[in-house]
Amino acid sequence: MKAIMLMFDTLNRRMLPPYGCDWVHAPNFQRLAEKTVIFDHAYVGSMPCMPARRELHTGRHNFLHRSWGPMEPFDDSMPELLKNNGVYSHMVTDHQHYWEDGGGTYHPRYSSYELIRGQEGDPWKGEVADPEMPDMIGMQHDLVRQDWVNRKYIREEKDFPQAQTMEKGLEFIRQNSGQDRWFLQIETFDPHEPFFAPQKYRDLYPHEYNGKHFDWPPYGPVRETKEEIDHVRYEYAALLSMCDHYLGKVLDTMDELDLWKDTMLIVNTDHGYLLGEHDWWAKSIMPFYHEIAHMPLFIWDPRSQKRGERRNSLVQMIDMAPTLLKYFGLDVPPDMQGQDLKDTIDQDRPIREAALYGIHGGHVNVTDGRYVYMRAPVSKDNTPLYNYTLMPTHMRSRFSVEELKEISLQEPFSFTKGVQTLKIKASGSRHWHSFGTLLFDTEADPLQQQPIQDPELEQKMIGLLKERMEANEAPSEQYVRLGI
């Protein structure tokens, strides 16, 4: 038995033909849907990138205990468990967060790995002189400067990090197709911003645009014109069409080598993205509307032979680790809270009543598949809030000396395997309170335009929220922060 996970970053469910989009050129995603089971209620867990990947490894939520950071010494790691039990695990990725402070302990968990440079502001090529940059809409900072340095070295399609990542993944498949018991994770940062794609994919979306360069939306409220909004949506669509092209190469290779008979295929993402909906760009600084939280997910399981069928059960990233471990005949560690999806793939067996999701210090959200409840902090200062970690790093930095001056030791959580952690005061963003608590009926209001007021329903959703938080062993101060 073999398994391939093709993981995209920032893949917007509503931009895919299998989920109803009628204008994005993505024929291979439609082809994928014909070959797999399509999940209609897949949700994020911990946001954003590396917190989601910690869930992929550990099968449990990250966001109630810690912000963005590395794997912890006490964490179970799915690819490492495979590696230690006779299943070769390999990752090919251009996701540059793996080689920053907050992601450095993830890729060594695999048997082997290949890292492709150059995405976003990856500090790849060194040039002291500032690069030539166009007059542009959006962010102006060191990440953008570095991105324009990197773009100078990406001249043809074969130079693009995604193209290299996919080709290296296909190289592994061809080299090892005759071998048994391996797991391959092909992971590309695309279609994450900036939406930089070869011209041939942009030509799929002809439109008149005479404004400033715009392929990297700011993380903030929309202030741009309709022309600018439409343009950047086409730029995202072009990059998505590039993703579709390389997805097609993976499907072609599985056809050619007849891998469908003994190879699981999972095509997934970590989260979606706002392209002007709700008058916001991007993610992580606003409530997690469905454009962000409601994910696409496709799975082919050669044991069940189910193709082109849809599933309504609530599933999340935490289910990936148990599913893969059980697929290879391994035991699931007791600290993993996700569920094996085999029976859900076979017959849509429900595995949970509600799904919990959020970002450290933000709203804590719960859905039962129809209603979505977003519980905001009750105080303007968003306290109390702590990080529980033995790996005190942020995304691109270590914790500062000032942050570490007031630390204490926390008694072990059940999942820390008897190990105490540092308890470090966290500086949660203060803007979350201003959004307030939100409740949506996504059956009656799928675009989440009209929050509802229903005290009885809210009490039911608070009950689900508390139940899921308790199951995740949420720190006591989280209940105080949320006023529940």
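The values are calculated or read from the model by the stated rules, or taken from the named source; none is laboratory data. Small disclaimer: the values here were computed from a predicted structure and weren't measured. Every residue, glycine as well, gets a Cβ built from its backbone with ideal geometry; the counts of neighbours run over all protein chains shown. Just the protein is used for accessible areas: all its heavy atoms, side chains included, with ligands, DNA and RNA removed. Shrake-Rupley method; radii C 1.70, N 1.55, O 1.52, S 1.80 Å.
When the strands (runs of 3 or more DSSP E) confined to the range 340-431 are screened for residues that are surrounded by 18 or more Cβ atoms within 10 Å (Cβ to Cβ) and of a type in the set (Val, Ile, Thr), those reaching at least 3 such residues are found at 364-367.
Residues in the range 458-479 include at least one that is over 25 Å from the mean Cα position of the chain (by Cα), closer than 17 Å to Ser379 by Cα, modelled with pLDDT of 95 or more and open to solvent by less than 70 Å² (accessible area, probe 1.4 Å). For the range 447-462, a tally of residues being in a loop (DSSP other than H, G, I, E, B), in contact with a strand residue (DSSP E or B) (Cβ under 9 Å, 6 or more places away or on another chain) and in contact (Cβ under 8 Å) with a residue 12 or more places away in the chain returns 5.
For the range 201-222, state whether one or more residues are assigned by the TED database to the domain that holds Gln96, open to solvent by 50 Å² or more (accessible area, probe 1.4 Å), over 18 Å from Phe8 (Cβ atoms) and among the aromatic types (Phe, Trp, Tyr). Yes; the residues of the range 201-222 include at least one that is assigned by the TED database to the domain that holds Gln96, open to solvent by 50 Å² or more (accessible area, probe 1.4 Å), over 18 Å from Phe8 (Cβ atoms) and among the aromatic types (Phe, Trp, Tyr). The sole residue among Phe160, Phe189 that is more than 20 Å from Met5 (Cβ to Cβ) and in the same structural domain as Leu265 (by the TED database) is Phe160. All conditions in (1) open to solvent by less than 40 Å² (accessible area, probe 1.4 Å); (2) under 30 Å from Asn210 (Cα atoms); (3) among the polar types (S, T, N, Q); (4) not in a helix (DSSP H, G or I) hold for Gln140, with the sole exception of (1). If I ask for residues that are open to solvent by 10 Å² or more (accessible area, probe 1.4 Å) and touching a residue at least 40 places away in the same chain (Cβ under 8 Å), which ones from the range 105-114 would you list? Passing the criteria: Thr105, Arg109, Glu114.
The listed residues are Thr393, Thr389, Thr437, and the only one of them that is in contact with a helix residue (DSSP H, G or I) (Cβ under 9 Å, 6 or more places away or on another chain), closer than 22 Å to Tyr357 by Cβ and not charged (D, E, K, R) turns out to be Thr437.
Scanning the range 8-32 for residues that are more than 19 Å from Leu274 (Cα to Cα) and open to solvent by less than 10 Å² (accessible area, probe 1.4 Å) yields Ala26, Phe29, Leu32. The combined condition, being closer than 30 Å to Pro334 by Cβ, of a type outside the set (D, E, K, R) and touching a residue at least 40 places away in the same chain (Cβ under 8 Å), is not fulfilled by Met15.
Considering only residues of the range 323-339 that are of a type in the set (A, V, I, L, M) and in a loop (DSSP other than H, G, I, E, B), which is nearest to Pro48 (Cα to Cα)? The residue in question is Met336. Quick check on the range 115-127. Is at least one of its residues part of a helix (DSSP H, G or I) and either open to solvent by 40 Å² or more (accessible area, probe 1.4 Å) or closer than 17 Å to Lys249 by Cα (or both)? No: zero hits. Among the numbered conditions (1) within 23 Å of Met264 (Cβ to Cβ); (2) under 19 Å from the mean Cα position of the chain (by Cα); (3) open to solvent by less than 30 Å² (accessible area, probe 1.4 Å), the only one that His41 does not meet is (3). Of the candidates Phe196, Phe172, Phe189, the single residue that is more than 30 Å from Asp258 (Cβ to Cβ), touching a His at 6+ places or on another chain (Cβ under 7 Å) and surrounded by 14 or more Cβ atoms within 10 Å (Cβ to Cβ) is Phe189.
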